[in-house]
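Data block below; observations after.
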There are 2 protein chains.
Amino acid sequence: MAVLVSEVGPRDGLQSIHRTMPTAAKIRWIQALAAAGLREIEVGSFVNPKRLPQMADAAEVVAAALRIPGITVLALAPNLLGAQRAAAAGAHKITIPVSASDSHSRANVGKGTDDAIAQIGEIMAWRNGLPEGARPEIEVGVSTAFGCTIEGAVPEDRVIDIAVRLAAQGAESVGLSDGVGYANPAQVKRLFTRLHAELGGKAGGAHLHNTRGQGLANVVAALEVGVSTFDSSQGGIGGCPYSPGATGNIVTEDLVWMLEAMGLDTGIDLAKLAEARAVLAEALPGEALYGHIPDVGTEKGFSYATRGAVPEGTGRATRTERAA
Amino acid sequence: MAVLVSEVGPRDGLQSIHRTMPTAAKIRWIQALAAAGLREIEVGSFVNPKRLPQMADAAEVVAAALRIPGITVLALAPNLLGAQRAAAAGAHKITIPVSASDSHSRANVGKGTDDAIAQIGEIMAWRNGLPEGARPEIEVGVSTAFGCTIEGAVPEDRVIDIAVRLAAQGAESVGLSDGVGYANPAQVKRLFTRLHAELGGKAGGAHLHNTRGQGLANVVAALEVGVSTFDSSQGGIGGCPYSPGATGNIVTEDLVWMLEAMGLDTGIDLAKLAEARAVLAEALPGEALYGHIPDVGTEKGFSYATRGAVPEGTGRATRTERAA
């Protein structure tokens, strides 16, 4: 079975740190990620550059990423204007967050959940009016689907109702997102089971964080109920700048190791992923990078799901990177 | 549903660090763990004190732990002599490791796997000859059940065959152990499914490490196939001194949070667990302690499975402990 690991580091990771990575370094990192076998990369966010100056070069990064063969270039947009900018830049796919928590929605995109859902209808109408061949795929991620730092628990019925309404507005895929690291495995199973039952083929992937150490545990829970697309970021960088304390995506390196060890094909090479990590570390010296596989490497006897065995310690970060 | 979290920090944790925790501090820590609701605590190891001087006071620690009402006092013994010493000290339960890897078995206890299995028969014969009321329960943990740092992969048929032979020797419970952090969730599901099928009520718990960040993910996999006893250590300290690079038990704090969030009753209080962690940190200043919950605490809206809601941030370590 194949699993899609969607790398969100160049967007979710880089938007949550204070420094801005130079455009050329972003492009080098994305090229290295693609060389490691990542097939979908979220390369930037078309938000107001005054709010997130780290993402001001999104169009330039998308343009460079489009020159890499074989990858899906994904960009985040918070609204119609952002989606239009992303499409103009050429993004293959646009992901739009809609928060299940009304308070978080207002803090994050300046409008309540109902208005954010309605806007998906406007975005779809605009997208469907584009010439064939220039229509990006539109996916929606329901953020705070597992709880909210402002409101606390978010009722599961509400989350599913929102997902159904988003699909009805025409969204082509609706995923569930835990950008604040609240999700637990039982909840992940319940919500994705209901999402699949209600949305069928429009049920999207899981965006899970590791805030409480539960990231990979939630992946296992999601796999149990048929989820096959997972967001992660190299080195685990990333969080939500509007949710205090909410840092840390799932670490791509650890996720890939776990999936491959389980016999699930990711198409990603851990040794080349370590090379991409060195590019990231060199561009952001001193920035905290996380992950267990970069420390210890693969175990003796590790085999990829479909590509056979590799030497013990594959995927370990280089000394240079570790010193950074 | 109730889950038993078996705290192994005072044994697995303390045997893997270079310093020896003073006996009085060990006892204070064990008392604090019991006060937090831990019902089974592995308090020491009856190994040759020349090999593991950190465990030389095991009899004294067992004696003190016996004075704490309501807990099961567990001790590790590598052989008959150790089991006899543990029983003389009064341990309620003795856990004996038998390695599925012949090379690891020789390195760890000085005899091959077949001899180690045969010795379980001798231990059961001795135990059954003790007067009623003085017979400790005997459990066996099959170590390197998920792979070995010396041999690499260990065939699953071999692991199950060993477990069956151990049960036939009279072991009352046979668990599976990943002291080297090799296990992946698919493997955990396969092996525990087979263990339950072959051993029924004698199938024991899971001893899982977090070496590759996969500890809680493996817990979720084990829960899926009915495992209800999990070893962990406070602060994630612990490893196997004979397996290079193999450090880090599952962190008790993170495990308890995840299980309770999933609706599984552990009986453990996270705020009191943070107090126990402060006792540990004070006794071992500068020692690395791990865990996400001690950093971020519970989320807004967190409720225990059966005991209701607590304030956001419960379980966060104190400033004193974090500075340590």
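Distance from the C-alpha centroid of segment A:264-308 to that of segment B:254-305: 29 Å, rounded to the whole angstrom.
Taking chain A as a Gaussian network of alpha-carbon nodes connected by springs under 10 Å, the highest mean-square fluctuation of the residues A:GLY37, A:GLY263, A:GLY133 belongs to A:GLY133.
Taking every alpha-carbon pair under 8 Å whose residues sit at least 6 apart, segment A:4-323 reaches a relative contact order of 17 percent. Pairs spanning more than 20 Å between alpha-carbon atoms, out of A:LYS189/B:LYS189; A:LYS50/B:LYS300; B:LYS50/B:LYS93: A:LYS50/B:LYS300; B:LYS50/B:LYS93. Computed from the alpha carbon positions, the gyration tensor of segment B:168-324 leads to an equivalent ellipsoid with semi-axes of 28, 20, 13 Å, biggest first. Beta bridges from DSSP with both residues in chain A: antiparallel share about 15 percent, rounded to the nearest 5. For segment B:58-102 versus segment A:159-205, the spacing of their alpha-carbon centroids is 48 Å. Measuring r between the beta carbons of B:GLU137 and B:ILE68 and using R0 = 30 Å, the FRET efficiency lands at 0.95. When both bridge partners sit in segment A:131-230, DSSP labels roughly 10% of those beta bridges antiparallel.
Seen against the Cα atoms of chain A and their longest principal axis, helix A:270-283 is set at about 70 degrees. Note on segment B:1-99: Rg/Rh from C-alpha atoms, Kirkwood Rh, equals 0.94. For B:ARG11, A:ARG28, the ranking by accessible surface with the largest value first comes to A:ARG28, B:ARG11, using a 1.4 Å probe. Ranking B:ARG51, B:ARG19 from most to least accessible surface, computed with a 1.4 Å probe over the protein chains only, gives B:ARG51, B:ARG19.
Take the Cα of A:ALA25, step 7 Å toward its Cβ, do the same at B:ALA168, and the gap between the two points is 6.2 nm.
Choose one answer from A:ALA83, A:ALA91, A:ALA35: the residue with the largest mean-square fluctuation in a GNM of chain A with alpha-carbon springs under 10 Å. Ranking A:ALA83, A:ALA91, A:ALA35 by mean-square fluctuation puts A:ALA35 first.
With axes computed from alpha carbons, what is the tilt in degrees of helix B:252-261 against the longest principal axis of chain B, rounded to the nearest 10 within 0 to 90? Value to nearest ten degrees: 70.
Over all distinct Cα pairs, what is the inverse of the mean 1/r for the protein assembly as shown, reported as the Kirkwood hydrodynamic radius in Å? Taking every pair of different Cα atoms in the protein assembly as shown, averaging 1/r and inverting gives 25.5 Å. Considering only B:VAL251, B:VAL62, B:VAL164, the mean-square fluctuation computed in a Gaussian network model of chain B, springs between alpha carbons under 10 angstrom, is largest for B:VAL164.
Less than 5 angstrom separates the built amide H of A:CYS148 from those of A:ALA153, A:VAL154, all sequence-distant by 5 or more or on a different chain.
In vacuo Debye scattering of segment B:4-323, one point per C-alpha: log10 I(q)/I(0) at q = 0.08 Å⁻¹? Values returned for q = 0.08 Å⁻¹ are -0.32.
7 Å from Cα along Cα→Cβ at both B:GLU60 and A:HIS196: what's the point-to-point distance in nm? That separation, rounded to one decimal, is 5.6 nm. Here's the picture: charge each Lys and Arg Cβ at +1 and each Asp and Glu Cβ at -1 in segment A:146-260, and of A:ILE160, A:LEU259, A:ASN210 the one pushed furthest to the positive end of that dipole is A:ILE160.
The values are calculated or read from the model by the stated rules, or taken from the named source; none is laboratory data. Just so we're clear, the structure is a prediction, and the values are computed from it rather than from any experiment. When we count neighbours, we look across all protein chains shown, and the Cβ atoms used for this are built from the backbone with ideal geometry, even at glycine. Accessible surface areas use protein heavy atoms only, side chains included; no ligands, DNA or RNA. Shrake-Rupley method; radii C 1.70, N 1.55, O 1.52, S 1.80 Å.
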